[in-house]
Structures are given as C-alpha cells and as structure tokens.
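Trainee: Sharing a structure here in structure tokens format.
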Amino acid sequence: AFSLIDEGFARNRTANYHLSVQIGNDGLQHCVLDIKQNRYIALETFSFSGIYTAEMLCESISEVINQSTTLKNLFKSVIISIVHEKSTLVPAAFFEKGLEKQYLSFNHTVEADEEVNVYDLKSIDAKNIFALNQNVFRTLKTFYPNAVFNHHSSSLLESLSSVTPNNDKKLFIHVQ
C-alpha cells in the first residue's frame, strides 16, 4: 500500500469531500478532494495479486475499505472507475437505448453475471458502453450507495478532448 493523507483530512467533514476510486484486478487506488478548498487531501494505492474471480475481487475490495481510515466514510459524491478491457465507444448519433448489450457484444463477450452500463461522454458526443460484474457492483454499492460508475477510459477520453482543440491533429497512446 502507498498512502499520502494530508493533515487537513477530517473524518467528520467527509460530507464536503469527493471520492474518486479506480478498481481493477491488480488493485484499488483512490483520491479524496476537499470540495470547499478545491484541494486533494488523500491519495492511496492498494495492490492486489492473485485475483482471478469476481468473488476474490469483492473480498479484496471489502477488506481494503473496511481497514482504510479514509474509504469507510460517507462522502458528498463518489465516482468509481472500473479497469478492464470490456468497453466500446458508440457515437451518440448512432446510439439507440435498449441496444447496449448488442453494442458491447460486437467487440466483447458479455458474461451472464455482468450487466452492461453506459457512460455519457458529452465532450466527444459519444457513449462509453462497458460491462460490470454484478457481484462487484453490489459490493461497491453496499459501501457507496450513490456512487456513479464509469469505465476508466471515460475519464481519459474526456480529459484528452479538453486538451486538444478540434482542428489540432494529435495522437495519444494509452498503455495499461
């Protein structure tokens, strides 16, 4: 584990904080933003190894959250990014509600224990469609009932679109 927690972090003020979490089979990373001061006050990384099933991932997530002094609090807002390969982009002009599973199935196998989610990428006028294991979803919802879920590529795509003007030609490569 790697942990940087500012002395300004106060458990009794987490209702003024935003929590961002990134979860994958190799670990959990999170940061806490003090919304009123517009300042990050916590950054932690927990590495996982030997995670081969959703059940193993759920156990690791629960263990980390229950042992963490920062993660087991109530936050004003929570966004959880899921790290895996099962996502696909669909331009908003071609997107039809109700066909989400078909879009994702074009590029990936959707397992019976996965639900298909859609994240709206307003900055590039597209939908990021991704799979989320139902057990992982339920585990995270027990800790963060109001969390918003996205695929980790959503944040990357939105931030890159804000850095590059429309008439500028650039190539970005993301390797993970």
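Trainee: Are there any strands (runs of 3 or more DSSP E) wholly within the stretch 1-82 with 1 or more residues that are without any contact (Cβ under 8 Å) to a residue 40 or more places away in the chain, and if so which?
Mentor: 27-34, 39-47
Trainee: Next question. Here are some conditions: (1) touching a Phe, Trp or Tyr at 6+ places or on another chain (Cβ under 6 Å); (2) at pLDDT 95 or above. Residue 14 meets all but one. Which one does it not meet?
Mentor: In the conditions (1) touching a Phe, Trp or Tyr at 6+ places or on another chain (Cβ under 6 Å); (2) at pLDDT 95 or above, residue 14 misses (2) alone.
Trainee: Among (1) modelled with pLDDT of 95 or more; (2) surrounded by fewer than 19 Cβ atoms within 10 Å (Cβ to Cβ), there is one condition residue 160 misses while meeting the rest; what is its number?
Mentor: (1)
Trainee: Specify the residue that is most open to solvent (accessible area, probe 1.4 Å); the eligible residues are those in the stretch 139-149 that are in contact (Cβ under 8 Å) with a residue 24 or more places away in the chain and of a type outside the set (Val, Ile, Thr).
Mentor: 146
Trainee: May I pose another question? Is it the case that some residue within the stretch 76-99 is surrounded by 15 or more Cβ atoms within 10 Å (Cβ to Cβ), out of contact with any strand residue (DSSP E or B) (no Cβ under 7 Å at 6 or more places or on another chain) and modelled with pLDDT under 95?
Mentor: The answer is no; no qualifying residue exists.
Trainee: Continuing with this model, one more query. Yes or no: residue 140 under 28 Å from residue 66 (Cα atoms), in a helix (DSSP H, G or I), in contact with a helix residue (DSSP H, G or I) (Cβ under 9 Å, 6 or more places away or on another chain) and among the aliphatic types (A, V, I, L, M)?
Mentor: On the way: under 28 Å from residue 66 (Cα atoms): yes; in a helix (DSSP H, G or I): yes; in contact with a helix residue (DSSP H, G or I) (Cβ under 9 Å, 6 or more places away or on another chain): yes; among the aliphatic types (A, V, I, L, M): yes.
Criteria met by residue 140.
Trainee: Among 66, 107, 16, 38, which is the only one that is out of contact with any helix residue (DSSP H, G or I) (no Cβ under 8 Å at 6 or more places or on another chain), on the phi > 0 side of the Ramachandran plot, open to solvent by 30 Å² or more (accessible area, probe 1.4 Å) and not basic (Lys, Arg)? Before you say what the answer is, go through the steps one by one.
Mentor: Numbers: 66 fails: on the phi > 0 side of the Ramachandran plot; 107 fails: on the phi > 0 side of the Ramachandran plot; 16 fails: on the phi > 0 side of the Ramachandran plot.
Unique residue meeting the criteria: 38.
Trainee: Look at residue 60 and say whether it is in contact with a helix residue (DSSP H, G or I) (Cβ under 6 Å, 6 or more places away or on another chain), small (Gly, Ala, Ser) and buried (at least 19 other Cβ atoms within 10 Å of the Cβ). Walk me through it before giving the result.
Mentor: Values: in contact with a helix residue (DSSP H, G or I) (Cβ under 6 Å, 6 or more places away or on another chain): no; small (Gly, Ala, Ser): yes; buried (at least 19 other Cβ atoms within 10 Å of the Cβ): yes.
For residue 60, the condition - in contact with a helix residue (DSSP H, G or I) (Cβ under 6 Å, 6 or more places away or on another chain), small (Gly, Ala, Ser) and buried (at least 19 other Cβ atoms within 10 Å of the Cβ) - is not met.
Trainee: Hey, can you tell me all the residues within the stretch 110-136 that are at negative phi, assigned to a loop (DSSP other than H, G, I, E, B) and open to solvent by 70 Å² or more (accessible area, probe 1.4 Å)?
Mentor: Within the stretch 110-136, the subset at negative phi is 110-124, 126-136.
Keeping just the survivors that are assigned to a loop (DSSP other than H, G, I, E, B) gives 110-113.
Of everything in the stretch 110-136, those that are at negative phi, assigned to a loop (DSSP other than H, G, I, E, B) and open to solvent by 70 Å² or more (accessible area, probe 1.4 Å) turn out to be 111, 112.
The values are calculated or read from the model by the stated rules, or taken from the named source; none is laboratory data. These numbers were taken from a predicted model, which means no experiment stands behind them. Heads up, the Cβs are rebuilt from the backbone with ideal geometry, glycines too, and the neighbour counts pull from every protein chain shown. The area values use the complete protein model at the heavy-atom level, side chains included, leaving out ligands, DNA and RNA. Shrake-Rupley method; radii C 1.70, N 1.55, O 1.52, S 1.80 Å.
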